[in-house]
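The values are calculated or read from the model by the stated rules, or taken from the named source; none is laboratory data. These figures come from a predicted structure and were not determined experimentally. Every residue, glycine among them, receives a Cβ derived from its backbone with ideal geometry; neighbour counts consider all protein chains shown.
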Amino acid sequence: MELDELQDTWNELGKQTAAKPLSAPAGITSTHKSILRSRLYRILLPEIAGGIVCLLSILYILLHFDRLDSTGFRFTGILTILLLGAMCLLSLCSLQYLYKSEDLNRPYAETLRAFSYQKSRFCRLQKINLFLGYGLLASSILLSTRIFGRNPVTDNKYFFLITYLTGYYFLFFFSRKVFSGYQKTIRETETLLQELSAG
Amino acid sequence: MDKKEAYISAIRENQDLIIKVASLYTNTKEDRNDLVQEIRYQLWKSFDSFQQRSAIRTWMYRVAMNVAIYQLKIDKRKITAVPLEENLVALHSTDDDDYEEKWHLLKSRIHQLNLLEKGLLLLYLENRSYEEIAQITGISASNVGTRISRIKEKLRNQIKK
């Protein structure tokens, strides 16, 4: 397809839209809802649910803190609480930009610049969250042996081997794909930002 | 003419613009229709801020392209790439398979460009002058010319491959 053909194809799209006009923009009143906003709520709900789980876990650890019978376990308990809190906070911080209301009248390049900064920040925060996930897995498995009390599962001599192997195997393969996605996005946004600052 | 009438008339006269912007920035029919609606909604919401310092079409391009970027803000959270949907252009029931194929090819070419290039190409394909493109994008007119030449070169190289 040559450039002229690209132009022809584009022009044809214009003819098609003109040939059969869309229905009148009815309902553009107070009853009209922003689709983006309703989609945002859908995105936010699981994040809030995740945050609540983190906070409940913190609460659970605090309520059973007396079960942590050695300095090492108490340290692990505090570390787990900090990790859970940080992950919850990072997740909410990374979403914050989605709710920022923007000026739609500004030039396209300015919008792109803001969008790229926000996207890059979002990916960096998510990357940090992934790393914290590795730490949380280690500390929470260790903690579970005391928090839930002695039981046949945790007393099993293969408990640590099985849980750590399964947990890290899953996390490694899950995060590898997500991580490379974030890396790619960060690279792209940085290139775009460079281009924008050059113009 | 009151606000609502002026708005409806502007939308009727420029609906091709909205559909073209939405078609270029989305990959599925559902997303495109959502974006068309969202652009209309945001145009209505911003209609008071249109200060008539530029032509209404110029202002509409700016708002529509900005809304398209905000839609990406949400959609890009899904890291997995959304494949280009076949028959995306089917705005109307059309039997024109040949056109469908050409449109798909055009989209795949444009897909290789970054968001700045995509916006510039859209306006270039719309036969907007460099001055108007500069007004919409906020890039100087001379820079627009340089960038469009680079985009053309990029597309030519893609075609050669």
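Taking region B:14-53, which residues are in contact (Cβ under 8 Å) with a residue 12 or more places away in the chain, over 12 Å from the mean Cα position of the chain (by Cα) and within 11 Å of chain A (Cβ to nearest Cβ)?
Residues satisfying the conditions are B:ASN14, B:ASP31, B:ASP34, B:GLU38, B:ARG40, B:GLN42, B:LEU43, B:TRP44, B:SER46, B:PHE47, B:ASP48.
Consider A:THR185 carefully, then state whether it is buried (at least 18 other Cβ atoms within 10 Å of the Cβ), of a type in the set (Val, Ile, Thr) and either in contact with a strand residue (DSSP E or B) (Cβ under 6 Å, 6 or more places away or on another chain) or within 30 Å of B:ILE39 (Cα to Cα) (or both).
Answer is yes for this residue.
Here is a yes/no grid of residues against (1) within 7 Å of chain A (Cβ to nearest Cβ); (2) in a loop (DSSP other than H, G, I, E, B); (3) in contact (Cβ under 8 Å) with a residue 60 or more places away in the chain:
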site	(1), (2), (3)
B:LEU113	no, yes, no
B:GLY119	yes, no, no
B:LEU122	no, no, yes
B:ARG128	no, yes, yes
B:GLN135	no, no, yes
B:SER149	no, no, no
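Would you check if A:THR145 is closer than 28 Å to A:ARG67 by Cα, among the polar types (S, T, N, Q) and crowded, with 17+ Cβ neighbours inside 10 Å?
yes
Residues that are within 22 Å of A:GLN118 (Cβ to Cβ), within 9 Å of another protein chain (Cβ to nearest Cβ) and at pLDDT 90 or above: does region B:79-94 have at least one?
no
What's the number of the condition A:LEU95 fails, among (1) surrounded by fewer than 18 Cβ atoms within 10 Å (Cβ to Cβ); (2) within 14 Å of chain B (Cβ to nearest Cβ); (3) under 24 Å from A:VAL178 (Cβ atoms); (4) not small (Gly, Ala, Ser)?
Going through the list (1) surrounded by fewer than 18 Cβ atoms within 10 Å (Cβ to Cβ); (2) within 14 Å of chain B (Cβ to nearest Cβ); (3) under 24 Å from A:VAL178 (Cβ atoms); (4) not small (Gly, Ala, Ser), A:LEU95 breaks only (1).
Quick one: which helices (runs of 4 or more DSSP H) sit completely within region A:100-199 and have at least 3 residues that are of a type in the set (S, T, N, Q) and under 30 Å from B:LEU116 (Cα atoms)?
A:108-147, A:159-198
Just one of A:LEU142, A:LEU112, A:LEU165 is out of contact with any Lys or Arg (no Cβ under 6 Å at 6 or more places or on another chain), more than 10 Å from chain B (Cβ to nearest Cβ) and touching a residue at least 60 places away in the same chain (Cβ under 8 Å); which is it?
Going through A:LEU142, A:LEU112, A:LEU165 in turn, just one is out of contact with any Lys or Arg (no Cβ under 6 Å at 6 or more places or on another chain), more than 10 Å from chain B (Cβ to nearest Cβ) and touching a residue at least 60 places away in the same chain (Cβ under 8 Å): A:LEU142.
Output the number of residues of region A:148-176 satisfying the condition of being over 29 Å from A:ARG67 (Cβ atoms) and either among the small types (Gly, Ala, Ser) or exposed (fewer than 11 other Cβ atoms within 10 Å of the Cβ) (or both).
The total comes to 2.
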